[in-house]
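The values are calculated or read from the model by the stated rules, or taken from the named source; none is laboratory data. Here the structure is a predicted model, which means the values were calculated and not measured. We place every Cβ from the backbone using ideal geometry, glycine too, and count neighbours over all the protein chains shown. Just so you know, the surface numbers come from the protein's heavy atoms only, side chains and all, with ligands and any DNA or RNA stripped out. Shrake-Rupley method; radii C 1.70, N 1.55, O 1.52, S 1.80 Å.
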Amino acid sequence: MAVSSFRSDGLNQPELTFGQKLASLNWMLVLLITMIAGIGFLMLFSAANGDVYPWAVRHAIRYGVCLMVMVTIAMVDIRFWIRSAYIGYVLVLALLLLVEIMGEIGMGAQRWIDLGVVQLQPSELMKIALVLALARFFHGVSYEEVGNPLTLLVPLLLIALPAVLVLRQPDLGTALMMLAGSGAIFFLAGVRIWKFMLVIAAGLAAVPIAWQFLRGYQKQRILTFLDPESDPLGSGYHILQSKIALGSGGMFGKGFLKGSQSHLNFLPEKQTDFIFTMLAEEFGMVGGLAMLGLYVLTIAYGFAIAIRCRSQFGRLVAMGVTTTLFLYLFINVAMVMGLIPVVGVPLPLISYGGTAMLTMMIGLGLLLGVSIHRDVRIARSGVDEE
Amino acid sequence: MLKSSEQDVQKVFTRRALVLAGAKLSLVGALAARLYYLQVVEAEKFELLSRDNQFNLELLPPIRGRILDRNGTPLADNQDNFRVEIVREQTDDVALTLDKLASIIEVQEWDVRRVLKDVKRKRAFVPVTVVENLSREEIARVAVNAPYLPGIRIEVGRSRRYPFGEAAVHVTGYVAAVSESELTGDPVLELPDFRIGKNGIEKSHDKAMRGTAGQRQVEVNAIGRIIRKLPGDEGQPGEDVRLTIDVQLQRFANERLSRGQANRLPTDDPRAQAALGQASADVVEAHIDRATVLVDDDGAVVEPESGAAVVIDVHSGELLALSSVPGYDPNPFNHGLSAKDWERLLSNPRAPLNNKAVTGQYPPGSTFKMLTCLAALDAGLASADTRFFCPGHLELGDTRFHCWKRPGHGWLDMKAALAQSCDVYMYELGKRMGIDKIHAMGKRLGLGGKLGIDLPGEREGLMPSRDWKLATRGVPWQQGETLVSSIGQGFVLTTPLQLATMTARMVNGGFKVKPTLVKRPATGGGDAAATFESTGLDPRHLEEIRLAMSEVVNGDRGTARGVQGSEDDVKIGGKTGTAQVRRITMAERLAGITKNEDRPWAHRDHALFVGFGPVEAPRYAVATVVEHGGGGSTMAAPIASDILREAIRIDPLRGGLTRRGTPAGDPLQEADQQGGSRDSADRG
């Protein structure tokens, strides 16, 4: 029983061998992801004024390492992930708490743990851990149970704990991303529409109260967003320069390595948050749309994988990861174009930064894993087969 | 049951996933739309803003035109101003580098402190000036040691230089930083190093000498560091202005004028030391950094005179010297004069800032008498043979008008009256013709109006008339005032420039020469008849006047016979004048003060002399005013005759006369070595 429990026998599926798994890996998706990371390499090369140092080389090395992590994760049986979902969640939550405590002790506001090799941001990892935990929870409840408000208490708690910790850091952007991503999972799991309406209404009512709890710089960012010209040399400066860079790029851009806004340092943080601006300045709208197209294709693959998956856990993980990718993309690009307030969200796989890439690649590994194990049936409990 | 629930869940998931995908797609669509809006619709606006960011327009100030004298010697030019700068980011230790620099050239402690403060305030790549106005030798020393002076660099700027300093200051004027009120919106005026003409030729020809600024685009980054300089328009350097002034004569006139009757001695001369030993502390202090001392015949230190001298070419109207003393050094204005120094210039009673040659208005005194005679001759009311008896005074109504010679001159004709400067003779002429004829003659000879010289602040002087008095004073003209006017006193006021012009018009054959300071190519080759209209005066009358003026100097009884010179000297003519500034009051008379020298300086008479030479073929006219200098014969005539003879001596057309040796380090000699045209002109 214990041994056979690892076999999915419902449709008489034999356990997949490593070779079979490798063959059924979605290579198109891997290619897409690599292309996006390749764009990142080019842009980081440009950001350093045509030098692979200091960013491009490290970006490539990280991608190589993360690629192996991704494929490894994809190879792991999906049932391992559903079993480890809560444990992983608790571990990452503990890390978040650790960061919080370290901050309290007197190291100032910190968001990462220094592991020597990399600086790990638990809040980034939490985005994936939360997807896994929520997917596991909703995998185990029927549509009728979802209709029961009491059922939702556990997943709400799963969201609330990390959200509060992240807010305390304070990292409003990540907290909102977690909420949005989780909201999407709730929605996909069948939580009734009226409950969303209720939450949205309550949320709007709470805006004036929440405003009181925002930090000064957060308030400033929102105010600046509402009227960027009010302070062109202060907080509005970044977004104004970003818009100038984008606009002056025009249809076809100024050419690779020729973005005057970026190379003369008018553009802030061009290797991280504002890297899309630089891309669109140098390659114009054509380049910007091409890059958006690559992401849309990636997201479309994620959607297809989710739809074709036979387990609710797999579906929710696939859509959860895809939505996380989408949120990164949307928030970052909308921010640099002045559509939403400035929040520190990187452009996935392109911006320079280790944790964000690792997080995204773990997520994509899970997505690929779902694709490979799409036909594996998983018991309600998540442990036993049906 | 379980199966159906499973299917429910999947159905809901699929439906909602589609909704979610649709939402995502529309959000990405919004991003694409925004991208289109920014990069296509608004592209032009942002393109402009981006260029604005990327490029700054840098103005290249034009090189200011020079001021040259008639022989090409620069009176104002541009000197390379070498300065040493330090760039913080290029050196590890600013203080250490400055220390090393100080061991190579002189660096004031004060400068070190200023630099250390400045480099902290400014961005790391912005150069900070350490020392300015370095000599070529100092520059060479810094350049040789450059490898040991990281962050130190040598830059060249330009500053205005006046090699002759105060000798030509009233002609050249000076330049200084642009003041708020002079800003016209021309951006070149806002450059920190830009200088604008504030006085003299620098002011009147400012526009032409300024040139046009060049400009180029400079690529800068977000913090203002210059990344790249693009080639641009070099601009147009300003035009040189060539003057009619002969700086050698100008300097001679200045020196001669300020010396007056005293002797100029080197400060270390024993007689100078002895004189200074007796002088008051104030006087000694005033001489501390002077190389020479003026000592009078009694061995006392005297102040330099205050006055003006004008030398004019009687045929062309070109001014060869326009001297006004005391002067001031125009060089410090370039970098800004200290408030204390400015205050000192303003409060000096001898008004060094005033160009007395064109802005000083003096009663002409007896130098006016030729004009009175000419007016009478022209009106047909007198001839050269007309004789009057001078008993020492003339009664008019119940007023007695005195002659300067109380016992009287006796019987005189016109020539003798001018030679001996008889007042009564002029009273008689004035009484016969009235003020308006004198007024008209004054106008014809250039008095009572601006002559249109290229210098700021020119004054009109005053030629009174009946109409003038009624209009300005509201009371009718009195005959007594005519008598006073006929000897150049009363209301009559003239500038030294007008007196020189008047004299020139009397001796050049009667042409209305206009004084000019700036050489123009088409001046009719110095031929007055071809350039100027006639005064309409009878040449025979002018001849009488010319001979009478010769008699003043060369006659046995002439008032200026003291400046006759020897047989070999060029024969000159002229007329002395002593203009009363204040009558000697009854109180002074009672106190026994009747002599000019006994009165306070500001109450003493002005000494005047107008002259021309050579008598046979007049070429130059001179007018000299020594403020409160006493007598025209004793003070003004010697000065004016020396200046006039010097003008004739150095006249290149006369030839054969060698120039006086000039001391070493003299700007004139420098100009010669640089290939000035002067030598060849002299030999020609």
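When A:L44, A:L31, A:L22, A:L67 are screened for being under 20 Å from A:L368 (Cβ atoms) and buried (at least 16 other Cβ atoms within 10 Å of the Cβ), only A:L67 passes. Could you say whether any residue in segment B:475-485 is under 21 Å from B:A416 (Cα atoms) and open to solvent by 20 Å² or more (accessible area, probe 1.4 Å)? Yes, there is a match, as at least one residue in segment B:475-485 is under 21 Å from B:A416 (Cα atoms) and open to solvent by 20 Å² or more (accessible area, probe 1.4 Å). Across segment B:20-39, the number of residues qualifying as in contact with a helix residue (DSSP H, G or I) (Cβ under 8 Å, 6 or more places away or on another chain) and open to solvent by 50 Å² or more (accessible area, probe 1.4 Å) comes to 3.
If only residues of segment A:304-316 that are at the interface with another protein chain (Cβ under 9 Å from one of its Cβ atoms) and surrounded by fewer than 21 Cβ atoms within 10 Å (Cβ to Cβ) are counted, the one that is farthest from B:L18 (Cα to Cα) is A:R310. Comparison of A:F330, A:F326 shows that the only residue that is surrounded by fewer than 24 Cβ atoms within 10 Å (Cβ to Cβ), at pLDDT 95 or above and at negative phi is A:F330.
Of all residues in segment B:7-48, those being within 30 Å of A:H139 (Cβ to Cβ), of a type outside the set (A, V, I, L, M, F, W, C) and within 8 Å of chain A (Cβ to nearest Cβ) number 5. Remark: pairs (first residue in segment A:175-196, without any contact (Cβ under 8 Å) to a residue 60 or more places away in the chain; second residue among the basic types (K, R); Cβ separation under 7 Å; 6+ apart in sequence or on different chains) = A:M178/A:K127; A:F187/B:R16.
Figure legend. Inter-residue proximity from segment B:347-367: first residues in a helix (DSSP H, G or I), second residues small (G, A, S) and open to solvent by 30 Å² or more (accessible area, probe 1.4 Å), beta-carbon distance below 9 Å, spacing 6+ or different chains. Indicated pairs: B:V358/B:G457; B:T359/B:G457.
Being surrounded by fewer than 20 Cβ atoms within 10 Å (Cβ to Cβ), facing chain B (nearest Cβ under 8 Å) and at pLDDT 95 or above is a description that applies to A:V296.
The rows are residues; the columns are (1) more than 19 Å from B:S366 (Cβ to Cβ); (2) open to solvent by 10 Å² or more (accessible area, probe 1.4 Å).
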{"site": "B:E428", "(1), (2)": "no, yes"}
{"site": "B:G446", "(1), (2)": "no, no"}
{"site": "B:I453", "(1), (2)": "yes, yes"}
{"site": "B:L462", "(1), (2)": "no, yes"}
{"site": "B:K469", "(1), (2)": "yes, yes"}
{"site": "B:T495", "(1), (2)": "no, no"}
{"site": "B:G509", "(1), (2)": "yes, yes"}
{"site": "B:P515", "(1), (2)": "yes, no"}
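Could you list, in sequence order, the residues of segment A:135-150 that are over 16 Å from A:G314 (Cα atoms), more than 9 Å from chain B (Cβ to nearest Cβ) and open to solvent by less than 30 Å² (accessible area, probe 1.4 Å)? Within segment A:135-150, just A:G147 meets the criteria. Of the residues that make up segment A:259-274, is at least one outside any loop (DSSP other than H, G, I, E, B), hydrophobic (A, V, I, L, M, F, W, C) and open to solvent by 10 Å² or more (accessible area, probe 1.4 Å)? Looking through segment A:259-274, none of the residues is outside any loop (DSSP other than H, G, I, E, B), hydrophobic (A, V, I, L, M, F, W, C) and open to solvent by 10 Å² or more (accessible area, probe 1.4 Å).
In segment B:218-312, counting only helices (runs of 4 or more DSSP H) that sit wholly within it, the ones holding 2 or more residues that are over 22 Å from the mean Cα position of the chain (by Cα) and surrounded by fewer than 13 Cβ atoms within 10 Å (Cβ to Cβ) span B:270-278, B:281-286.
The number of residues in segment B:492-511 being more than 30 Å from B:R66 (Cβ to Cβ) and either aliphatic (A, V, I, L, M) or at pLDDT 95 or above (or both) comes to 9.
A count restricted to segment A:21-68 and to residues that are assigned to a helix (DSSP H, G or I), touching a residue at least 40 places away in the same chain (Cβ under 8 Å) and within 24 Å of A:R308 (Cβ to Cβ) stands at 11. Within segment B:322-336, the residues that satisfy the criterion of being open to solvent by less than 60 Å² (accessible area, probe 1.4 Å), touching a residue at least 60 places away in the same chain (Cβ under 8 Å) and of a type outside the set (S, T, Y) are B:L322, B:V325, B:P326, B:G327, B:P330, B:N331, B:F333, B:N334, B:G336. For B:E180, state whether it is surrounded by fewer than 20 Cβ atoms within 10 Å (Cβ to Cβ) and in contact with a helix residue (DSSP H, G or I) (Cβ under 8 Å, 6 or more places away or on another chain). Spelling it out, it is not the case that B:E180 is surrounded by fewer than 20 Cβ atoms within 10 Å (Cβ to Cβ) and in contact with a helix residue (DSSP H, G or I) (Cβ under 8 Å, 6 or more places away or on another chain). Among the candidates A:M319, A:M335, A:M278, A:M360, the residue that is within 10 Å of another protein chain (Cβ to nearest Cβ), of a type outside the set (V, I, T) and within 30 Å of A:I222 (Cβ to Cβ) is uniquely A:M319. Restricted to segment B:296-325, and to residues there that are touching a Ser or Thr at 6+ places or on another chain (Cβ under 6 Å) and not aliphatic (A, V, I, L, M), the residue that is farthest from B:G509 (Cα to Cα) is B:P304. Note on segment B:52-88: among residues that are assigned to a strand (DSSP E or B), hydrophobic (A, V, I, L, M, F, W, C) and under 30 Å from B:R520 (Cβ atoms), the one that is nearest to the other protein chains (Cβ to nearest Cβ) is B:A76. At least 3 residues being more than 21 Å from B:I312 (Cβ to Cβ) and more than 28 Å from the chain's Cα centre (by Cα) is the threshold, and among the helices (runs of 4 or more DSSP H) wholly inside segment B:535-654 those reaching it are B:539-554, B:586-590.
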